[in-house]
1. Ignoring everything but the protein chains, give the 1.4 Å probe accessible area of Asp42 in square angstrom, nearest 10.
2. Given a 1.4 Å probe, how much area per residue of the chain is accessible, in Å²?
3. List the trypsin sites (Lys or Arg not before Pro) within the chain that DSSP assigns to loop and that have no more than 11 neighbouring Cβ atoms inside 10 Å.
4. Determine the dipole magnitude for the chain: charges of +1 sit on the beta-carbon of Lys and Arg, -1 on that of Asp and Glu, nothing else is charged, the reference point is the Cα centre, and the result goes in debye to the nearest 20.
5. Along the positive direction of the dipole of the chain (beta-carbon charges: Lys, Arg +1; Asp, Glu -1; about the Cα centre), which of Asn51, Ile11, Ile39 reaches farthest?
6. So what's the angle, to the nearest 10 degrees on a 0 to 90 scale, between helix 17-34 and the longest Cα principal axis of the chain?
7. Mind pulling the angle between the C-alpha long axis of helix 40-52 and the longest principal axis of the chain? Nearest 10 degrees, somewhere in 0 to 90.
8. Would you please report the Å³ per residue occupied by the convex hull of the alpha carbon atoms in the chain?
Amino acid sequence: MARTKSDNVQINISIPAGWKTELETPARIYSVEEGESIIFLDLLRRGIQENIN
């Protein structure tokens, strides 16, 4: 199966361990509220997207 071309770019970042810990709790809350699996990386993506748009 051929892969489709995407405009997405993958980057690797490092964050303090404390940030990850702090983001895991709201991620669990959003998972329950939205009825889907949300991880701390999703919250990071949302934050970046909100600041860009």
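The values are calculated or read from the model by the stated rules, or taken from the named source; none is laboratory data. Source: prediction; values computed, not measured. So basically every Cβ, Gly included, is an ideal-geometry build from the backbone, and we count neighbours across all protein chains shown. Accessible surface is based on the protein model in full, side chains and every heavy atom, while ligands, DNA and RNA are left aside. Shrake-Rupley method; radii C 1.70, N 1.55, O 1.52, S 1.80 Å.
1. 40 Å²
2. 98 Å²
3. Those that pass, being in a loop and sparsely packed, are Arg3, Lys5.
4. 300 debye
5. Going by the Cα projections, it comes out as Ile11.
6. For 17-34 against the chain, the angle is about 80 degrees.
7. The helix 40-52 is inclined about 70 degrees to the chain.
8. Numbers: hull volume 7.3 nm³, N = 53.
For the chain, the hull spanned by Cα atoms encloses 137 Å³ per residue.
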